[in-house]
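First up is the structure itself, then whatever we jot down about it.
The values are calculated or read from the model by the stated rules, or taken from the named source; none is laboratory data. What you see is a predicted model, and the numbers here were worked out from it, not measured in a lab. We place every Cβ from the backbone using ideal geometry, glycine too, and count neighbours over all the protein chains shown. The protein model used for the area step is the full one, side chains on, heavy atoms only, and it has no ligands, DNA or RNA in it. Shrake-Rupley method; radii C 1.70, N 1.55, O 1.52, S 1.80 Å.
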Amino acid sequence: VRATRGGEEVRGYVPSMGQIFMRRFQLVTQFRQSLEDGQVSVHYQPKVSLPGRQVQGVEALVRWQHPEFGKLDPDEFVPAVEAAGLIGALTEFVLEQSLRRVRKWLDEGLRISAAVNLSVRNLADADFPAKVVAALNRFDVPAKLLTFELTESGVMADPQRALPILRELHELGIVLAVDDFGTGYSSLAYLRQLPVDQVKIDKSFVLGMGTDLGDLAVVRSIVELGHSLGLTVVAEGVEEDVARDQLEAMGCDVAQGYLISRPLSEERLEAWLQARTTRSPGRQAETVLTL
Ligand code: C2E
Ligand code: MG
Ligand code: MG
Ligand code: MG
């Protein structure tokens, strides 16, 4: 199987079930070592406030540069890593990298928060909040500068187990966001019971809102619903000026998407931020974005 995989693959080649299974098997057995070997890294995508367009935070998005399969998409390996019971190691890695960044920015006078995606399995680990506290202490980062993003379906899978852990994280002052909002159950009554601070409108609606009135209506109602519940509303998948302007007019609080920036490697993010930071003596540095 190995010899015909990866770069040698011909276009239009359709892998068999056995090959898909083999690849998945390789991914999960190699994952731990790949963390140590530096094949796994974290990219960061900036989020800007509307209408001020200040860089308010970044979302941490994991990447795997696999020696045989090339650049892997998290949609391919995160579910496999989750199913194999290895998500704890992945989350810990992403959390550490992110907090190290936030610490570095604080040392430079920048207040930028980092958002880490959680898996439902993280919320099944009763020790998870203690691990997070230890990491915050290690990097001396205030809990306010950490956001966790969770999908509704993730919380819905086992609310009895997930809720106490979410409450604990929330009480620590960590910001909690519901990711991909609008794609799952999206029960309003349910959202009200969750200890969350933010909703992130799923990118499918944001991408479609320019051409589809239905998508536009969904986006508008999530902004209204979110605000009426006292939540910050974030839009992901902002690719066009028009979408940004419409979101701004609706009162959406934060925008994230290719229009602002693609997810960037650590080095590229530093250069991106450098180019947008203004410093006035005696004041906190500000990152002001001119799009
Ligand atoms: P997500 O958390 O909803 O992240 C947003 C995804 O949308 C990212 O894909 C991002 O690159 C993409 N995106 C951002 N702006 C735009 C845009 O303007 N247009 C379009 N078309 N796409 C945009 P990515 O990096 O491939 O990640 C996919 C998913 O994998 C994430 O969705 C998240 O659910 C999961 N994931 C990524 N990193 C982690 C991680 O460290 N832990 C866990 N548990 N899941 C992760
Ligand atoms: Mg996310
Ligand atoms: Mg999303
Ligand atoms: Mg997603």
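Would you pick out the residues in segment 220-242 that are assigned to a helix (DSSP H, G or I) and either open to solvent by 20 Å² or more (accessible area, probe 1.4 Å) or farther than 19 Å from Leu150 by Cα (or both)? Result: Arg220, Ser221, Glu224, Leu225, His227, Ser228, Asp241, Val242.
Taking into account only those residues within segment 243-291 that are of a type in the set (S, T, N, Q) and not in a loop (DSSP other than H, G, I, E, B), which is most open to solvent (accessible area, probe 1.4 Å)?
Result: Gln274.
Would you be able to tell me the number of residues in segment 207-235 that are within 17 Å of Pro46 (Cα to Cα) and free of Cβ contacts under 8 Å to residues at least 60 places away in the same chain? Of the residues in that region, 3 qualify.
Consider segment 25-65 and keep the residues that are buried (at least 19 other Cβ atoms within 10 Å of the Cβ) and either without any contact (Cβ under 8 Å) to a residue 60 or more places away in the chain or of a type in the set (Phe, Trp, Tyr) (or both). The one that is nearest to ligand 2 (Cβ to nearest atom) is Ala60. Within segment 175-214, the set of residues being assigned to a helix (DSSP H, G or I) and away from ligand 3 (no atom under 15 Å from the Cβ) comprises Leu188, Ala189, Tyr190, Leu191, Arg192, Gln193, Leu213, Gly214.
Applying the set (1) within 16 Å of ligand 3 (Cβ to nearest atom); (2) open to solvent by 40 Å² or more (accessible area, probe 1.4 Å) to Asn137 leaves exactly one unmet item: (1). In the set (1) under 12 Å from the mean Cα position of the chain (by Cα); (2) within 20 Å of Val155 (Cβ to Cβ); (3) among the aliphatic types (A, V, I, L, M), the condition left unmet by Leu61 is number (2). Out of curiosity, is Pro74 within 15 Å of ligand 2 (Cβ to nearest atom) and either in contact with a strand residue (DSSP E or B) (Cβ under 7 Å, 6 or more places away or on another chain) or free of Cβ contacts under 8 Å to residues at least 60 places away in the same chain (or both)? Yes: the conditions hold for Pro74. So, in segment 140-155, of the ones that are in a helix (DSSP H, G or I) and away from ligand 3 (no atom under 16 Å from the Cβ), which residue ends up farthest from Glu236 (Cα to Cα)? My answer is Ala143.
Residues of segment 125-134 that are modelled with pLDDT under 95 and surrounded by 15 or more Cβ atoms within 10 Å (Cβ to Cβ): Asp125 alone.
Listed by first and then second residue, the pairs linking a residue in segment 107-118 that is modelled with pLDDT of 95 or more to a residue that is away from ligand 3 (no atom under 16 Å from the Cβ) and in a loop (DSSP other than H, G, I, E, B), with Cβ atoms under 9 Å apart and 6 or more places separating them unless they lie on different chains, are Ala114/Val141.
When you scan segment 249-291, how many residues do you find that are without any contact (Cβ under 8 Å) to a residue 24 or more places away in the chain and among the charged types (D, E, K, R)? Residues in segment 249-291 being without any contact (Cβ under 8 Å) to a residue 24 or more places away in the chain and among the charged types (D, E, K, R): 4 in total. The test for being more than 11 Å from ligand 1 (Cβ to nearest atom) and either among the acidic types (Asp, Glu) or within 30 Å of Ile20 (Cα to Cα) (or both) holds for Gly85. Of the strands (runs of 3 or more DSSP E) lying entirely inside segment 1-120, those containing at least 3 residues that are within 16 Å of ligand 3 (Cβ to nearest atom) span 40-49, 55-66, 113-117.
Just name the residue that is surrounded by the most Cβ atoms within 10 Å (Cβ to Cβ) out of those in segment 141-175 that are of a type in the set (Gly, Ala, Ser) and either without any contact (Cβ under 8 Å) to a residue 24 or more places away in the chain or within 16 Å of ligand 2 (Cβ to nearest atom) (or both). Full working, then the answer.
Start the filter on segment 141-175 by keeping residues that are of a type in the set (Gly, Ala, Ser), which leaves 143, 153-154, 157, 162, 173.
With either without any contact (Cβ under 8 Å) to a residue 24 or more places away in the chain or within 16 Å of ligand 2 (Cβ to nearest atom) (or both) added as a condition, the list becomes 153-154.
Working: Ser153: 13, Gly154: 21.
Once the filter is applied, the top-ranked residue is Gly154.
In this entry, Gln246 is excluded by the filter for residues that are out of contact with any strand residue (DSSP E or B) (no Cβ under 9 Å at 6 or more places or on another chain) and either within 22 Å of Ala126 (Cα to Cα) or in contact (Cβ under 8 Å) with a residue 40 or more places away in the chain (or both). Taken over segment 176-205, the criterion of being open to solvent by 40 Å² or more (accessible area, probe 1.4 Å), closer than 16 Å to Leu231 by Cβ and at pLDDT 95 or above is satisfied by Asp197 alone.
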